[in-house]
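The values are calculated or read from the model by the stated rules, or taken from the named source; none is laboratory data. It should be emphasised that the depicted structure is a prediction, and the values quoted were computed from it without experimental measurement. When we count neighbours, we look across all protein chains shown, and the Cβ atoms used for this are built from the backbone with ideal geometry, even at glycine. Quick note on the areas: whole protein, heavy atoms, side chains included, nothing else; ligands and nucleic acids left out. Shrake-Rupley method; radii C 1.70, N 1.55, O 1.52, S 1.80 Å.
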Amino acid sequence: MRDHPPECWLSDMDGVLVREEHALPGAADFLARLIERDRRWLVLTNNSIFTPRDLSARLAHSGLLIPEEAIWTSAMATATFLADQLPGGSAYVIGEAGLTTALHEAGYTLTERDPDFVVLGETRTYSFEAITRAIRLIEGGARFIATNPDVTGPSEEGPLPATGSVAAMITAATGRKPYFVGKPNPMMLRSALNRIEAHSENTCMVGDRMDTDIVAGIEAGLDTILVLSGSTRSADVDRYPYRPGRILDSIAQAVEFV
């Protein structure tokens, strides 16, 4: 890691701060230290289902008090990207409130008629009819955007198909690959940096996945911490051609670096 303590922090949510809606040990202490030291920070998630307000309430139920202003989702990053690309554009959306709300707030019109973009996000109930419409709109010229490439999501019953899986289905039918905005695209981290007016050279990214959190952090020029409380085991790290700045057992150990 770099010599000086980071002034700003980005942290993944699932596997770092919570697991299956239960706060992980040390998470509350880590957040308290960020506030105590007056650090600028955001919690990042590729989940595009929920609005920041929804997520803040869910985290509070887990015992973590995180204001909605401190949450940055792949849906918000996607809306920011589209507003920069084509201000006041239109989109056909497959997704839930987290995505539709973000696009509305970015000034986008949601429509099924000749949209500029087809935007695919995560949803609990993928509709064959909606996927069919998305395929036809893309074949008709709409550009294809997806919030994140995750092929599965967690649930108490086991993995669920997620955005990346449905995107692959649409790609197979159209021959068009989507542009994924969420992690591991470093654009999601750069949009988060802009949100808190932070610079890459004094910001640290904390995550539990080498193939999303850590590679995105490295490509965005951030310092990185991998915690072993989520998806990645210590033995997995050497399989990747890049390394995090530091490897810790959990977020509890990150408190001393804030």
Q | Debye intensity ratio I(q)/I(0), log10, the range 124-258, q values 0.10, 0.12, 0.13, 0.18 Å⁻¹ (C-alpha model) | A | -0.43, -0.60, -0.69, -1.05
Q: Provide the net charge surrounding ASP116, with neighbours chosen by a C-beta distance below 14 Å and charges set as Lys +1, Arg +1, Asp -1, Glu -1.
A: -1
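Indicate, rounded to the nearest 5 percent, the antiparallel portion of the DSSP beta bridges found entirely in the chain. Before the final figure, lay out each step's value.
On the way: 4 of 36 bridges.
In the chain, approximately 10 percent of DSSP beta bridges are antiparallel ones.
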(Q) Shape verdict for the range 148-219, please, from the Cα gyration tensor: rounded (a/c under 1.5), prolate (a/b greater than b/c) or oblate. (A) oblate
Q: First check a/c for the range 29-89, with a ≥ b ≥ c the square roots of the eigenvalues of its C-alpha gyration tensor; if it is under 1.5, answer rounded, and if not, answer prolate when a/b is larger than b/c or oblate otherwise.
A: oblate
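Which shape class applies to the range 66-124: rounded if a/c is under 1.5, otherwise prolate when a/b exceeds b/c and oblate if not, where a ≥ b ≥ c are the square roots of the Cα gyration tensor eigenvalues? Before the final figure, lay out each step's value.
On the way: a/c = 2.34, a/b = 1.45, b/c = 1.61.
It is oblate, given that a/c is not under 1.5 and a/b is not larger than b/c.
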Q: Wrap a convex hull around the Cα atoms of the range 182-258, take a quarter of its surface area, and give that in square nanometres.
A: 4.9
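Efficiency by 1/(1 + (r/R0)^6): what FRET value for ALA168 and SER200, r their Cβ-Cβ distance, R0 = 30 Å, to the nearest 0.05? Before the final figure, lay out each step's value.
Details: r = 31 Å, r/R0 = 1.05.
E between ALA168 and SER200, to the nearest 0.05, is 0.45.
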Q. Roughly how many Å² is the accessible area per residue of the range 150-200, as a whole number, for a 1.4 Å probe?
A. 54
Q: Leaving ligands, DNA and RNA out of it, report the carbon-plus-sulfur percent of the accessible area of the range 77-157 at a 1.4 Å probe.
A: 46
Q | Percent accessible area from carbon and sulfur atoms, the range 1-74, protein chains only, probe 1.4 Å | A | 47
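Å³ per residue of the Cα convex hull, for the range 1-157?
Working: hull volume 22.1 nm³, N = 157.
Spelled out: Cα convex hull of the range 1-157, divided by residues, is 141 Å³.
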